[in-house]
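**Student:** Below is one structure. I have some questions about it.
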Amino acid sequence: MSQVDSATAVAVQMTAYSTTLLADGKDKTLHRITVIDSDGHEITSATNSLQIYVDGVAFITGAESDSQTTNSDSEALNTTTNNFTRITKSGDTKSLITAVDTSGRKYLESKLKNGLCLLDFHAGTVPGKIKVEVSSDKLWPASHEIHAIPANVTLLTPSKDQLATSPRKIGNEVNHGILWPDGHISNLDNLAELLKAGAKGALTLVPDMPIMMHLALGGQNKEAIFWLDNMIACGLKFDVIGITYYPRWHGTLDDLKFNLTDLASRYKKPLNIVEYTTFKKEVYEIILSLHDSLSTGTCIWDPLSPRWGGMFSDSGQVLEVIRVYDKLWEKYLTK
């Protein structure tokens, strides 16, 4: 995990460990909130105040954290009516004091302690999108979109035969689906059929083309398994699992390593980190640490962009950071 004790914070960072939930009032995911410096390091001494906005049907409970919203009775913070209310274990409700920003939006106040705030985020009972946004003073805010899918959706488990490596890349960050609403993640059968059609079209042109399923789930292991299990059980065949990893949305380097290691062991398919920018050396070494030759390397996102790849200046001059790839080449690829 990349952390520093003290630095100047520039942005809020929030990881939702699942961005797809069942709308059953019970399914939940952990939100991990920190602030980071300009190099992407979490600041462990930070005590920033936080403003938590929720737009959608959901509720929040305090998790194992130092957040001010955590309480001994594990009461829930209900946002289903666009007003925060506190629900006690006995079922009683009462209004929760919130603040209102200059635009009139209500938000829940919380605070980092020892650089961290953890919240359990529960879907309500109404399917749809839920937007969670966290801001702190003048820092760049963080946001996530949670997709609550119908509670009665049929969840499938692939057979052993379906888990076997299947010869033959389709879609980009398809973990919430394609061609909404028909191919939304809430319509698992439709999504699988659309992806099968895309793969079939690609293979018609290039029969030996490897097929990749690309998921923006660098540190979201539970959600990655949910997606892959259901698509494989629906008969979708593919060769490579592609993963996006941006710490701002996808967790720590430890989260990434755990996820990749588990997916490699579970599905026995090659993996590639097909989008990333920061922690170039660390990301490369994590993907190469996979056993059984299941690493197919990394693809940095937009390397020519000063904002994303960060290897060239606005005037096109090569920056020193690009040398990290020379060192990685010498260490791993010249043997």
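**Student:** Could you run through the stretch 293-326 and say how many residues are farther than 29 Å from Asp239 by Cα and either surrounded by 11 or more Cβ atoms within 10 Å (Cβ to Cβ) or among the hydroxyl-bearing types (Ser, Thr, Tyr) (or both)?
**Tutor:** 12
**Student:** Restricting the stretch 38-59 to residues that are closer than 18 Å to Lys113 by Cα and in a strand (DSSP E or B), which is farthest from the chain's Cα centre (by Cα)? If you could, list the steps in order and put the result at the bottom.
**Tutor:** Just the residues of the stretch 38-59 that are closer than 18 Å to Lys113 by Cα, to begin with: 41-52.
Narrowing the set further to residues that are in a strand (DSSP E or B) leaves 42-43, 49-52.
On the way: Glu42: 17, Ile43: 20, Ser49: 23, Leu50: 20, Gln51: 21, Ile52: 18 Å.
Looking at residues that are closer than 18 Å to Lys113 by Cα and in a strand (DSSP E or B), I get Ser49.
**Student:** Taking the stated definitions as given, is Ser305 outside any helix (DSSP H, G or I), under 30 Å from Ala11 (Cα atoms) and touching a strand residue (DSSP E or B) at 6+ places or on another chain (Cβ under 9 Å)? First the steps, then the outcome.
**Tutor:** On the way: outside any helix (DSSP H, G or I): yes; under 30 Å from Ala11 (Cα atoms): yes; touching a strand residue (DSSP E or B) at 6+ places or on another chain (Cβ under 9 Å): yes.
So Ser305 passes the test.
**Student:** I need a count of the residues in the stretch 4-30 that are closer than 16 Å to Ser136 by Cα and touching a Phe, Trp or Tyr at 6+ places or on another chain (Cβ under 6 Å).
**Tutor:** Counting residues in the stretch 4-30 that are closer than 16 Å to Ser136 by Cα and touching a Phe, Trp or Tyr at 6+ places or on another chain (Cβ under 6 Å) gives 1.
**Student:** Going residue by residue through the stretch 211-233, is there one that turns out to be exposed (fewer than 15 other Cβ atoms within 10 Å of the Cβ) and more than 30 Å from Ile36 (Cβ to Cβ)?
**Tutor:** There is no residue in the stretch 211-233 that is exposed (fewer than 15 other Cβ atoms within 10 Å of the Cβ) and more than 30 Å from Ile36 (Cβ to Cβ).
**Student:** Now a separate question. Consider the stretch 200-236. How many of its residues are assigned to a helix (DSSP H, G or I) and of a type in the set (A, V, I, L, M, F, W, C)?
**Tutor:** If we filter the stretch 200-236 for residues that are assigned to a helix (DSSP H, G or I), which is where we start, we get 200-205, 221-233.
The next check asks that each one be of a type in the set (A, V, I, L, M, F, W, C); those that pass are 202-203, 205, 224-228, 231-233.
Count: 11.
**Student:** Could you grab me the full set of residues in the stretch 102-129 that are at pLDDT below 75 and more than 25 Å from His147 (Cβ to Cβ)?
**Tutor:** Gly104
**Student:** So is Lys257 under 22 Å from Asp229 (Cα atoms), part of a loop (DSSP other than H, G, I, E, B) and not assigned by TED's automatic domain parsing to the domain that holds His41 or not? Spell out how you get there, then give the answer.
**Tutor:** Details: under 22 Å from Asp229 (Cα atoms): yes; part of a loop (DSSP other than H, G, I, E, B): no; not assigned by TED's automatic domain parsing to the domain that holds His41: yes.
Here the answer is no, as Lys257 does not meet what is asked.
**Student:** Now a separate question. Among the residues of the stretch 157-173, are any closer than 27 Å to Thr277 by Cβ, over 23 Å from the mean Cα position of the chain (by Cα) and at pLDDT 90 or above?
**Tutor:** Going through the stretch 157-173, the residues closer than 27 Å to Thr277 by Cβ turn out to be 169-173.
Then keep just the ones that are over 23 Å from the mean Cα position of the chain (by Cα); that gives none.
Scanning the stretch 157-173, I find no residue that is closer than 27 Å to Thr277 by Cβ, over 23 Å from the mean Cα position of the chain (by Cα) and at pLDDT 90 or above, so the answer is no.
**Student:** Only residues that are among the hydroxyl-bearing types (Ser, Thr, Tyr) and either farther than 29 Å from Ala7 by Cα or exposed (fewer than 11 other Cβ atoms within 10 Å of the Cβ) (or both): list them for the stretch 100-115, please. Walk me through how you get there before you give the answer.
**Tutor:** Within the stretch 100-115, the first condition is being among the hydroxyl-bearing types (Ser, Thr, Tyr), and the residues that meet it are 102-103, 107, 110.
Listed by number, the residues that qualify are Thr102, Ser103.
**Student:** Let me spell it out: the conditions are (1) buried (at least 20 other Cβ atoms within 10 Å of the Cβ); (2) over 30 Å from Val318 (Cβ atoms); (3) in contact with a Leu (Cβ under 8 Å, 6 or more places away or on another chain), and Asp255 meets all of them except one. Which number is the exception?
**Tutor:** Failed condition: (3).
The values are calculated or read from the model by the stated rules, or taken from the named source; none is laboratory data. Values in this document were obtained by computation on a predicted structure and should not be read as measured data. We place every Cβ from the backbone using ideal geometry, glycine too, and count neighbours over all the protein chains shown.
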